[in-house]
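One structure is given below, encoded as structure tokens.
Just so it is clear, none of the values below were taken in a lab; they were calculated from the coordinates. Remember, predicted model here, so these are calculated numbers, not experimental data. Cβ: placed from backbone, ideal geometry, glycine included. Neighbour counts: every protein chain shown.
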Amino acid sequence: MLARWGRGSVSALARILPPRALLHQARTPNYKRHEGKRPRRPRPKPLAPLELTTKPRVLSATELERLLGEAVESYAQSSASVQRLEEWGFSLVALQWLCDRLAQQQGVAPVAPNATPSEAWTWLLQTWAQSLPSHKLHTFASANERMLAYTQQGDDALHRACAQSFLAWLRQAWHDVRTHGELPATSQNHVREASAHVELIQTITNLRTPTLAYSNARSLTRQVHLHVGPTNSGKTHGALVALTRARTGLYAGPLRLLAHEVWDRINQGAVAPHIAPRACNLRTGEELRVVDEYAGLVSCTVEMADVTRSYDVAVIDEIQMIADPQRGFAWTQAVLGLPAKELHLCGEASAVPLIRRLVALCGDELHVHEYERLTPLRVAPQSLRGDLSRVERGDCVVAFSRSGIFALKEQIEAKTGLHCAVAYGALPPETKSEQAKLFNAGKLDVMVASDAIGMGLNLKIKRVIFDTLSKWNGTERVPLSLSQIKQIAGRAGRYGTARDAEEAPGGFALTRHEDEMDTLRAALAAPVQPITHASIQPLSRQLEDLSLLLPRVRTRTKHRRLKTRQDYAVSTLYDDFHALANVDARAFTLADFDTQQAMSPVIEQRGGDRLTHAEKEKWSNTPVNMRDERAVAWVGHAIELYARGELVDFEACARHLGTMEAEQAVAEAMAAAEARRDAAGSTAPAAVFADDDEHVLSIHTLMLLESLHRTLTLYLWLGFRFPLAFCFRQDAEARKRRAEASIHFCLEAIRVRRAQRLTRLGRRDEARSLLQKHLPNMGRAPLPR
């Protein structure tokens, strides 16, 4: 019966089961429930990067004209087009006059006098398509732009071109009706309003000149320094030196971990030997640390970069992410909008052509600085041949799922006797930093990590070993891109991170299985693929302006006009903007709205018409992991409390999710372990004295604690957007620290339990070595039994 309920019933089970039962039942693998052997899954077929297997499509002018003609026909016959136009609420009087006028001009049968808006729009679309041959579709500036648009976004770009062309045709047709037709006064008003309505839609959805949205930056002739090179080439160092010498400046990085690292280095004077410490503040989506109220420097994530404040120097890291479909718009906004005298952009050489074009559009001056890798990176002669016993000290094994990471960790430790650190995206940044420090200090031998090591962690890695060159994207297995392979492999042999003085500089990249080695060699040898388009997204004010044009319905109260839930759904607004946006396809591409679309049903169900558009837009940008059902449920509860006008308390939103119960159970286990340690007069870590309770201190509990940490991070993130409602930030920060301590204790207890199993098997020396590696403060404490 539970299998029929599916994953969506976890929250319902959480209300029924007591905390211990919930911890025991949380996603226990079937092979453990039935006490059978773990089934061996067949290894998936190797996948090569699409850049190596897919040739870019080249269209002839004839093919392009054919595609445009098909797009026009498809748009005119689409019921979705009719429905969207009908929902915009144009006056039926204006539509009727326009249809009659066009019928007279073209000598065709007019639409019926009592036609519905749907019938009128269908007639107008067919008339537009017949009067507009494909070669007269002038939405794009040139045939080259049409080609670029189709190459980037396929049929979506052509359908947007059709929508803009139809709106332009509609606006001109209504203008002709007003100027050349004799209309009654009331009808004249209807036609004028309809024409103005179309003009407003065209103006709001026009994204062809995003550079003009940032007047402060356009008032300067910025000196743009582009630092490009492969991983481990020192390209960011010079930019940070320039930043620390400036009176005012900003660093914008892709991850909170990177922003925190730069913030710490600047405050400690660790950027360069000759650079003194500087006061620098930290600003991320969920954290604000003020070292000095009057500090001239700030380190932040790219999304938090303030484009309204002027700077002497601004540094934007990982500039190649400007093309990312989900987050790239933040880099585009920073590049176009930061009013800095000097703008330093650091990243891959693939971004050079695009940055040249963007700098030219902004009227700035560009200086390109190219760097070479400081230490060599080579492909190993052979793979591990599937044998994890060949893993060596200083290796980093890269996998792409949490379960895969922990499975590899267990296998490596069992087959080699080495001890592993773990790092993956769901771990708190503080825990990842701690694991990296233990690995770099040599207290842990091997790093088992996800692609999170590609940015933000400087590790002393000799060999990067890919468990596989593909990963699961939530729907299917997809190959890693060339950029991802180069970024991850480049972490091997970083300059200045050698573990031993005798160790030769440089690093190696290899795969676990031999059948992927050729793909790895080809990927690392492949030339840099240029980035040609920057991702852009409409500004908040554009979305709000568009929402004001959405249709409304009259309620039973005649003197009031209220918004309906369907009219103001966030997904409806983003759908409309995506369908109508006019983008310069020579340099820009429209960002994906997947995150906002995924959040829309939650917002509409829990907030409905009690939220304004601005509030809905902020909620839609909440960085929630939609695959974490507990985090999604927590956000839904928070939206409901906020929509009711209540102060949002974290515990009220997290009730019945099982995460707080998990943290409480771990906290009790930790307190009991500390009490036993104090009674024994030992200085060993408390985890050594923890009860052997696999229902509490287990991987499944760790997953619940990670969900708790995610929701606490979301509370802090929302506290910056809705400070009055999310006013218990100090409590959330304190609980977040407790959650991090619980995660740390749980990880230690899992390692202690492994040592206990080794002890029972008579492998006491191996057990002590394991504990001394992971728990260096253990000293000569007795081994756990």
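Taking 0.36 nm per residue of separation and subtracting the Cα-Cα distance, what length does fully extending residue 514 through residue 220 add?
Values: separation 294, 0.36 × 294 = 105.84 nm, distance 5.44 nm.
Full extension of this stretch gives 100.4 nm more.
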Notebook entry, point to check: Where the centroid of each part is defined by its Cα atoms, how far is segment 714-737 from segment 410-475 in Å?
Noted result: 30
Margin query: Calculate the FRET efficiency for residue 625 and residue 731 from the Cβ-Cβ distance with a Förster distance of 25 Å, rounded to the nearest 0.05.
Written below: 0.65
Item checked: Gyration tensor (alpha-carbon) shape descriptor, segment 673-736, a/c threshold 1.5 -> oblate
Margin query: Would you report the distance distribution of C-alpha pairs in segment 211-370 as whole percents per 5 angstrom bin, up to the bin with the largest distance?
Written below: 2, 10, 20, 24, 22, 14, 7, 1, 0
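What order do you get for 331, 123, 717 when you list them from fewest to most C-beta neighbours inside 10 Å?
Values: 331 28, 123 21, 717 18.
By the 10 Å Cβ count, ascending, the order reads 717, 123, 331.
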Notebook entry, point to check: What's the exposure ranking of 616, 460, going from fewest to most Cβ atoms within 10 Å?
Noted result: 460, 616
Check: So if R0 is 45 Å, what FRET efficiency would residue 618 and residue 74 give, r being the distance between their Cβ atoms, rounded to the nearest 0.05?
Finding: 0.80
Item checked: Scattering profile of segment 318-418 at q = 0.20, 0.22 Å⁻¹ [log10 I(q)/I(0), Debye over alpha-carbon scatterers] -> -1.00, -1.13
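Based on the mean of other beta carbon atoms within 10 Å per residue, what is the order of 267-275, 358-366, most packed first? Mind showing how you got there, number by number?
On the way: 267-275: 13.3, 358-366: 17.1.
In decreasing order of mean packing, 267-275, 358-366 become 358-366, 267-275.
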Item checked: Over segment 622-785, equivalent-ellipsoid semi-axes from the Cα gyration tensor in Å -> 37, 15, 12
Notebook entry, point to check: Can you put 477, 146 in order, fewest other beta carbons within 10 Å first?
Noted result: 477, 146
Check: Hey, how many Å between the Cα centroid of segment 288-327 and the Cα centroid of segment 164-206?
Finding: 43
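Ranked from highest to lowest mean number of other Cβ atoms within 10 Å per residue, what is the order of the peptides 738-747, 646-655?
Working: 738-747: 20.9, 646-655: 17.1.
By packing density, highest mean first, the sequence is 738-747, 646-655.
What order, most packed first, do the peptides 90-101, 295-306 have when packing is the mean number of other Cβ atoms within 10 Å of each residue?
Details: 90-101: 20.1, 295-306: 21.8.
Packing order, densest peptide first, comes out as 295-306, 90-101.
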Check: By how many nm would the segment from residue 192 to residue 151 grow when fully extended, if each residue of separation counts as 0.36 nm and the alpha-carbon distance is taken off?
Finding: 10.9 nm
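State the extension gain, in nm to one decimal, for the chain segment bounded by residue 130 and residue 290, taking 0.36 nm per residue of separation less the distance between their alpha-carbons. Walk me through the numbers on the way to the answer.
Numbers: separation 160, 0.36 × 160 = 57.60 nm, distance 6.33 nm.
Stretched fully, the residue 130-residue 290 segment lengthens by 51.3 nm.
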Margin query: For segment 61-204, what does the convex hull of the Cα positions come to per residue, in cubic angstrom?
Written below: 114
Next item on the list: Can you bin segment 423-473 into rounded, prolate or oblate? Criterion: square roots of the alpha carbon gyration tensor eigenvalues sorted a ≥ b ≥ c, rounded for a/c under 1.5, prolate for a/b above b/c, oblate for the rest.
Entry: oblate
